[in-house]
Amino acid sequence: MRPLIAVAVASVFAAAHAQQPAGEAPPWKQGMNPEQASSTLHPFAPHMTGRDAKELPLNTLKVPAGFKVEVWAEGIPEARSLALGDKGTVFVSNRLAKNVYAVVDKGGKREVKTILKGLNAPNGIVFSKGTLFLAERDKISRYDGIEDQLDNPPQPKVVVDNLDPTKQAGHFWKYLALGPDGKLYFNIGSPGNIVMPSYMQASVMRVDPKDGKLETVAIGVRNSVGMDFDPKTKDLWFTNHARDWLGDDSPNDTLHHVSLKSKGVTNFGYPFCHQGDTPDPEYGKDRSCKEFAKPALKLGTHIAPLGAKFYTGKMFPAEYQGNLFIAMHGSWNRTVKQGYNVMRVSFDAKGNPKMQPFVTGFLADEKADPPMWGRPVDLLVMKDGSMLFSDDYNGILYRVSYSK
Amino acid sequence: MKRLLAVAALALAGAATAADPAAGKAKAAACVQCHGPEGNSQNPAIPSLASQPAQMIATQLFQFREGNRKDPQMSPMAANLSNADMNDLAAYFASVKAPLPAYRSRPESAAAGAELTKKNNCVQCHGPALRGQQHIPRLAGQQHDYLLAQLRLFKASKRADMDGNMTSAAQGLNEQDIDVLADYLAGLPAN
């Protein structure tokens, strides 16, 4: 689960913390019970200057037989979300570094360029038909023709703005995905760990880049930082981070599924109900989980699912076609840590999802602080069918390939 | 929106080498002019770097280079450092021992300061002995005037703050709290 981040004490933030002395606790501590006051659990920050791959125990990474994982590029501060240009450029975003980077493959050597600077939490990134779409804290912009002018990028055009009217303290970074309907899908997170969201918060939204028209797709979503569309059914699938401070084993982070044909807005329950079946101890008192849509899959407690991508390449074996890969960035809010891996979700004939490990080994010591040496964030299927994934903790992109 | 025009490559994959304290020491000649011998500051307004967590030092250098944190002296110093330079410098200063602080806290600050560090969650991130961890700085034995200035800046939401935690935490402090905290922290042993 991501740390909650405050900038200034906006009024909404003060209101959200009304039960606690204002401004004293870091926002990610919001929702702790008194017995947890001496907890030493805390979120982890990335190495902003990156770490050299040579320093890292890469030989501890494990992949299924026939697969290979290797470092593809390094030196990309806080490498987060990934997008692939038409001409092979890999665009890399972040939350904290305020830049966007481009990785250009030059005959086996990867050159890292800083192409945009001074952005406001530029976490969401999508490339389509020559245009780079970028979701910052408060707006979504487009950079047309950018891949042909990486050294002199075009001026952005705003698709939609005013996405953060309250300057919310937590979960203000946005993931961005392009739907089969040509619309841009993104999250607006809950402003705190466990607080009553205001209008537009704790939601999945979409905007039509043609006219800037906004629509709500789902609500009751604490924070989704990974989404993709099933290549067959065109349905939306997204990951969600459940609340903190309910203990090591509750509640699960979740995978959700919404048909784009469904009418209206689906409500997944936050802050009243977690994981589809667990009422919140405070907000759930007067509500029933039966009111809300259920998740498609429970992913693990505090495991922090980020990027989710369907495999659409040709390199991996046939049984991997249409599988959904999920990058697990956590957990920090657990005394015994889990996750820090890439998981594979396959579907049976009835479409029921089943999860198994795909890339493991970043979790070195489940009780250490920090417990891990790397943190997967987002995934990208390359033209050759290999799959990249980012690691913001070290500023590294890894490549997973397969050969018989 | 500010944009960077033509930018040289930051790094080539595989070209960098591991963070190296010896290399950092060789690059630290300019740093120790102000931060003191081996990064043990002699100036109350300038922070000590010795025995600070390596990730913290590299993160702050990064913030200066990227323009997120601004300072008339430090911004130009960091402007031309590569990520590898920052990691080397961080590895060096983190490896140096800090002597007992010359600063003497007021006796009455001992209990009051300790209480404030608990009440305001300082110990949760900076550690029970306030010696820092990961990206979080050591406060124990840090220079008094520097601590005072930074706490005031956080309180005023004017200090660069990567994840917002300190800006948030400082809102609960009044000027007297800040005075007691700086006095208490500056006298604590660093190692």
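The values are calculated or read from the model by the stated rules, or taken from the named source; none is laboratory data. Keep in mind the model is a prediction, meaning the values are calculated, not measured. Reconstructed Cβ throughout: ideal geometry from the backbone, glycine too, with neighbour counts over all protein chains shown.
Filtering segment A:161-198 to residues that are of a type in the set (Ser, Thr, Tyr) and crowded, with 24+ Cβ neighbours inside 10 Å leaves A:175, A:185, A:190.
Return yes when residue A:341 is surrounded by 15 or more Cβ atoms within 10 Å (Cβ to Cβ), within 14 Å of chain B (Cβ to nearest Cβ) and under 18 Å from the mean Cα position of the chain (by Cα) and no when it is not. No; evaluated as a whole, the condition is false for this residue.
When A:374, A:395 are checked against the criterion of being touching a Phe, Trp or Tyr at 6+ places or on another chain (Cβ under 7 Å) and closer than 30 Å to residue B:124 by Cα, a single residue qualifies: A:374.
State whether the residues of segment A:136-146 include one that is of a type in the set (Gly, Ala, Ser), farther than 30 Å from residue B:115 by Cβ, buried (at least 20 other Cβ atoms within 10 Å of the Cβ) and facing chain B (nearest Cβ under 9 Å).
If we filter segment A:136-146 for residues that are of a type in the set (Gly, Ala, Ser), which is where we start, we get A:141, A:145.
Pick out the ones that are also farther than 30 Å from residue B:115 by Cβ and you get A:141, A:145.
Those left that are additionally buried (at least 20 other Cβ atoms within 10 Å of the Cβ): A:141.
Those left that are additionally facing chain B (nearest Cβ under 9 Å): A:141.
The answer is yes; a qualifying residue exists.
Annotation: residue B:172 fulfils all but one of (1) away from chain A (no Cβ under 11 Å); (2) in contact (Cβ under 8 Å) with a residue 12 or more places away in the chain; (3) not aromatic (Phe, Trp, Tyr); the unmet one is (1).
When residues in segment B:133-160 are screened for being more than 13 Å from chain A (Cβ to nearest Cβ) and closer than 24 Å to residue B:91 by Cβ, 8 of them pass. Consider residue B:83 carefully, then state whether it is within 12 Å of chain A (Cβ to nearest Cβ) and touching a Phe, Trp or Tyr at 6+ places or on another chain (Cβ under 8 Å). Yes, satisfied.
When each of B:78, B:45 is tested for being of a type in the set (Gly, Ala, Ser), over 25 Å from residue A:28 (Cβ atoms) and away from chain A (no Cβ under 14 Å), the lone residue that passes is B:45. Just to check your reading of the model, which residue among A:69, A:126, A:103 is within 9 Å of another protein chain (Cβ to nearest Cβ), under 20 Å from residue A:379 (Cα atoms) and either at pLDDT 95 or above or part of a strand (DSSP E or B) (or both)? Result of the check over A:69, A:126, A:103: A:103. Only one of the numbered conditions (1) surrounded by 14 or more Cβ atoms within 10 Å (Cβ to Cβ); (2) more than 12 Å from residue A:223 (Cα to Cα) is violated by residue A:158, and that is (1). For segment B:101-122, the criterion of being under 23 Å from residue A:46 (Cα atoms), surrounded by 15 or more Cβ atoms within 10 Å (Cβ to Cβ) and of a type in the set (Val, Ile, Thr) is satisfied by no residue at all.
Yes/no per residue for (1) within 26 Å of residue A:245 (Cα to Cα); (2) crowded, with 24+ Cβ neighbours inside 10 Å:
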{"site": "A:331", "(1), (2)": "yes, yes"}
{"site": "A:334", "(1), (2)": "yes, no"}
{"site": "A:347", "(1), (2)": "no, no"}
{"site": "A:367", "(1), (2)": "yes, no"}
{"site": "A:378", "(1), (2)": "yes, yes"}
{"site": "A:402", "(1), (2)": "no, no"}
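How about segment A:155-183: which of its residues are part of a loop (DSSP other than H, G, I, E, B), of a type in the set (D, E, K, R) and without any contact (Cβ under 8 Å) to a residue 40 or more places away in the chain?
Going through segment A:155-183, the residues part of a loop (DSSP other than H, G, I, E, B) turn out to be A:155-156, A:161-175, A:179-183.
Checking which are of a type in the set (D, E, K, R) leaves us with A:161, A:164, A:167, A:174, A:181, A:183.
The answer is A:161, A:164, A:183.
Here residue B:50 passes the criteria (1) surrounded by fewer than 22 Cβ atoms within 10 Å (Cβ to Cβ); (2) away from every other protein chain (no Cβ under 14 Å); (3) under 14 Å from the mean Cα position of the chain (by Cα); (4) hydrophobic (A, V, I, L, M, F, W, C) except the one numbered (1). Any residue in segment A:39-60 that is more than 7 Å from chain B (Cβ to nearest Cβ) and closer than 21 Å to residue B:59 by Cβ sitting within a Cβ distance under 8 Å of a residue that is of a type in the set (Gly, Ala, Ser) and in a loop (DSSP other than H, G, I, E, B)? List the pairs, counting only those 6 or more apart or interchain. So the pair list comes out as A:46/A:395; A:51/A:395; A:51/B:19; A:53/B:14; A:56/A:374. Annotation note: of B:39, B:24, the sole residue that is touching a Leu at 6+ places or on another chain (Cβ under 9 Å), at pLDDT 95 or above and under 19 Å from residue B:145 (Cα atoms) is B:39.
Does segment B:89-96 contain at least one residue that is closer than 30 Å to residue A:55 by Cα, under 16 Å from the mean Cα position of the chain (by Cα) and free of Cβ contacts under 8 Å to residues at least 24 places away in the same chain? Checking segment B:89-96: not a single residue is closer than 30 Å to residue A:55 by Cα, under 16 Å from the mean Cα position of the chain (by Cα) and free of Cβ contacts under 8 Å to residues at least 24 places away in the same chain. Listed conditions (1) within 14 Å of chain B (Cβ to nearest Cβ); (2) assigned to a strand (DSSP E or B); (3) touching a Gly at 6+ places or on another chain (Cβ under 8 Å); (4) not small (Gly, Ala, Ser) are all met by residue A:110, apart from (3).
Please work out which residue is modelled with the lowest pLDDT, limiting yourself to segment A:184-226 and to residues that are in a loop (DSSP other than H, G, I, E, B), small (Gly, Ala, Ser) and over 19 Å from residue A:31 (Cα atoms). Among those that are in a loop (DSSP other than H, G, I, E, B), small (Gly, Ala, Ser) and over 19 Å from residue A:31 (Cα atoms), it is A:212.
Among the residues of segment A:284-303, those identified as in a loop (DSSP other than H, G, I, E, B) and among the aliphatic types (A, V, I, L, M) are A:293, A:296, A:303. Looking across segment A:270-302 at every residue that is under 17 Å from the mean Cα position of the chain (by Cα) and in contact (Cβ under 8 Å) with a residue 60 or more places away in the chain, the one that is nearest to residue A:67 (Cα to Cα) is identified as A:299. Does residue B:165 fit the bill of being crowded, with 21+ Cβ neighbours inside 10 Å and modelled with pLDDT under 95? Here the answer is yes, as residue B:165 does meet what is asked.
So is residue A:98 surrounded by fewer than 24 Cβ atoms within 10 Å (Cβ to Cβ), closer than 26 Å to residue A:394 by Cα and within 18 Å of the chain's Cα centre (by Cα) or not? When the stated conditions are applied, residue A:98 passes them.
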